[in-house]
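What follows is a short report on a single structure.
Every number here is computed from the coordinates shown, using simple stated rules; none is lab data. Note that the structure is predicted; figures quoted are calculated from it, not measured. Here the Cβ is made from the backbone with ideal geometry for all residues, glycine too, and neighbour counts use every protein chain on show.
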Amino acid sequence: MLPPAATELPEGLKDLAAPRSLALPVRPSQVRIRQLRPLGLADVETLVEVNNPQLKALASQVEQAQSALRAQIAQWYPSINLNANNLPTYTGGQALNSIFTNPSNLNIPNTTTRTVSNGITNTVTSIWQMQAVLQASWGLINPTRTPQIAAARDAFEKAKNQYLIGLRDLRLQAAEAFFDLQAADESVRIGQESVRSSLVSLRDAKARFQAGVATRLEVLEAETQLARDQQLLTTALLGGASGQLGQAAARRNLAALLDLPQDVTPTSKEPSRVVGSWLPSLQESIVAAYAFREELDNILLDISIANSDANTELGRSQPFVNIVYGLTGGRTRGTQLLSTYAPFSNDGLGSFTNQGWQVQNNWQFQNSVGLNFSWNIFDGGRSRALYRQNKQRAEEQTFRFADRRDSIRNEVEQSFFLLEQNNRNIATTSREVISTRESLRLARLRFQAGVTTQREVVDTQRDLTQAEVRWSQAIADYNKALARLRRRTGLDQISLCQRPSLPATKPTVPGTKDIPVEPQPLVPACQAGTPRGPAAASPGS
C-alpha cells in the first residue's frame, strides 16, 4: 500500500510553505538568497508532497474527472427547464387607421367620382402580459447513457492512478535530487581536502628547494597539482562543462522541486552514506512490479474506455424514448379603447363613435404530457465505422499492454543489476581509498626523507582524489538505484544500515590542520591569460 501524501507541513517546516501560485517576484531583493536551510531526506519528501505544484495539478485532475463522472450520472435523472420569455411584457401605444371608399351616395358639388376618407379608427392599448413554460423530460430509453457513464467512471479511476504514479515519481525525483546534493557536498569536501593536501605538498617542495635538496621542477609539479585541485573544487562548487552538477546547481534544483520560498536555498544536513540493502530477490521484485504498477492498470482502463466509446457510437443509431411533461401558465392584464370618427354621414355632418374600454384580466394554464420517440435509421454507416474504430483502438491498447509489461521487467532488471554493480563499486572503491591514503602518507615520508621525488607524491595524491570521487559517486549511484528499485517494484523491504558511531570532532589529516583553503578571486576571462609555447627556464632548475 502506498502511504498517502502529506497534506500539511509539520511545525518545524511551516516557514517553508510554497509561495502563492500566481506570485511573481519583480525586484532583485525578492530573489536574493537570505537563508541556507539544512534538510534531511524525510523533510524533503514531506515538502515535495505538500508544496510541489505538479502534484497539486494532478490532484485537480482527479477532482475534474470526478465532476465529469457526476455529470454523466446525471443522465439517469429527469431534467426540468423553466422558460419565461414574457416576465413580464408591457404593450402600450395608439393606432390610427383610415378607411378609404368611394361614397357615391353623397352629394358633393363640383366633384367627379373620387376616393375619400370614410372613417378613422383610433385604438389605445395598455396591456401587461406574463407567461412561463415549465418542461420536464426523462429519458426512458437511452442506449448511449450506460456506456458513457462507464467510460467516465474508468476515466476517473485512470485519473486516480495518474495521481499515484505522479506521487511515486515525485518521491523518486526528490530522493534523487537529495542524493545528488549529497554527492555534490561530498565532491566539495574532496576538493577542499585535495587543495589542502596540494598546499602541503607545495609547502614541502618550496622548503626543500630553498634548502637546496630539490629542484625547481618539483616546485612546478606541486603548483600544477594545486591548480588541478583548485579546478576540481571549482567544478564541485559550480559544475563542469560535461554536465556535472555542482553544489550550487544541485541546491537550486532541489529548491525548485520543493517549491520553496524565493529567498531560501536547501542544504543537506545528512552526510552521504549507504541507505540500506535490498532484501527481495530479482524474481520477487519482477512479480511485485507487475502487481504494483498502475501503468498496466491504466492500459486496461484505456481498453475499457475504448469499448465503452464503441458501444456509445453504436447506441446512437438505436431508438430513443423520452417522457415529456409541459406546464404553460400566463396572465394578461390591461385596457384597450376603440373609437371611430366618420366625417361623412347621411346628414352631411361628421360623427364620432366611442366603442368604450375593453378590460383584459385573465389567467391561462395548460398541461401536456407525452412520449418522444427518435430513431436514426440510416446515417450512411457512420456509427458502424466509429464502432469499429474504437474496437480497433481497444485492440491497439492490448499490444501496448504487452509492450509495457516487457519494459517493466526490463526496468526492474536493469535497476537490480545496477544496484549490484554499485554495491560492488562501493566495496572496491572503499578499499582503493584506504590503500591510496596510506600510499600518500608513505610517499610524503619518503619525500621528506629524500628517497623519492615530488612526482610520486603528486601522482599518489591524484590517485587518492580520484579514488575518493569514485567512492562518493558509487554511494550516490547506489542510493539512487535503490530508490528506483523501490519505485519500480512498490516494495519497501530494505535492511537499513546502522548509523556509524562518529567522533564529535572531525578528524584531520596530519599536516593540514592549519592550512586554510583561501577563496580564489574570479579573474575575467579576457584577463586570465593564455599559455603560449614552453615556459622559460627558471634559474636554479
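Which aspartates and glutamates, on any chain, are close to K206 with Cα under 15 Å apart, when same-chain ones fewer than 8 places away are left out?
E218, E221, E223
Could you calculate the contour length gain from I120 to A449, that is, 0.36 nm times the residue separation minus the distance between their Cα atoms, to one decimal place in nm?
Here the segment from I120 to A449 would lengthen by 104.5 nm.
Going from the alpha-carbon gyration tensor of segment 345-477, what semi-axes, largest first and in whole Å, does one get by taking the root of 5 times each eigenvalue?
102, 33, 15
Using the structure shown, list the pairs from K160/K269; K14/K269; K14/K158 with a Cα-Cα distance above 27 Å, or answer none.
Over 27 Å apart, Cα to Cα: K160/K269; K14/K158.
Which FRET efficiency value, to the nearest 0.05, is calculated for R34 and Q244 with the Förster distance at 25 angstrom and r the Cβ-Cβ distance?
0.35
Considering all projection directions equally, how large on average is the shadow of the alpha-carbon convex hull of segment 213-323, in square nanometres?
Averaging across all directions leaves 19.7 nm² for the Cα convex hull.
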